[in-house]
Each structure stands twice: as C-alpha cells, then as structure tokens.
Amino acid sequence: MQIILNIPDHVLPPQQDSQTLAQQLKLYSALLLFQSGKLSRGAACEFADVDIYTFLAACKQHRIATLDTDIDEIETEVMRFKQLRVA
C-alpha cells in the first residue's frame, strides 16, 4: 500500500531528504502502533522495514516497553520458581 503525505517544506530541516524522512515516519508510526498494542513486535519491524535490533533500540531510545508481561504474571512465576527450588 502506498500513502502520500503533503508535508510543508518549512517544518523540515533543509538538508533532510525525502527518503530519510519516509523511513523515520515509518519507524515512528510503527513505534506508536506497537506501543498502543495495534502491532506485534514482528509486525512493527516489518512495517518499519527494520530488523528487530534496530526496532528494540528505537523502543529503548523512546522509552517504550517491549515486554507485555504484567507484574502479577511475573510474581506468579517467581513464586512457582521458589516452590520448585524448595522441593
């Protein structure tokens, strides 16, 4: 699918080329869609056309959590592990 955006020239740095801007917009869109739960990690990487390492680095840079495990699940797993060690 192709989407065309009209972006005013005055809002962009003068030296930025359209290819670089397009890549950044794809990455930022993928980050937002991933953060909001609309895309999985893999789908976000595909959307942004980057590898998982680049995507995870961008998540870290923008302070986007990459694990979707909630604290209750972690606590349950820790308790289960402790029980296994005692037995």
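The values are calculated or read from the model by the stated rules, or taken from the named source; none is laboratory data. Owing to the predicted nature of the structure, the values given are computational and were not obtained by experimental measurement. We place every Cβ from the backbone using ideal geometry, glycine too, and count neighbours over all the protein chains shown.
Can you find even one residue in the range 69-77 that is modelled with pLDDT of 95 or more and in a helix (DSSP H, G or I)? No. Annotation: Pro13 fulfils all but one of (1) exposed (fewer than 10 other Cβ atoms within 10 Å of the Cβ); (2) under 9 Å from the mean Cα position of the chain (by Cα); the unmet one is (2).
All of Ser40, Ser29 fail the test of being touching a helix residue (DSSP H, G or I) at 6+ places or on another chain (Cβ under 9 Å) and more than 30 Å from Pro8 (Cβ to Cβ), apart from Ser40. Among the residues of the range 32-75, the ones that are surrounded by 11 or more Cβ atoms within 10 Å (Cβ to Cβ) and polar (S, T, N, Q) come to 4 in all.
Residues checked against (1) touching a strand residue (DSSP E or B) at 6+ places or on another chain (Cβ under 7 Å); (2) of a type in the set (D, E, K, R); (3) modelled with pLDDT under 95; (4) assigned to a helix (DSSP H, G or I):
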position	(1), (2), (3), (4)
Gln15	no, no, yes, no
Lys38	no, yes, no, no
Phe47	no, no, no, yes
Val50	no, no, no, no
Thr54	no, no, no, yes
Ala57	no, no, no, yes
Lys60	no, yes, no, yes
Arg63	no, yes, no, no
Leu67	no, no, yes, no
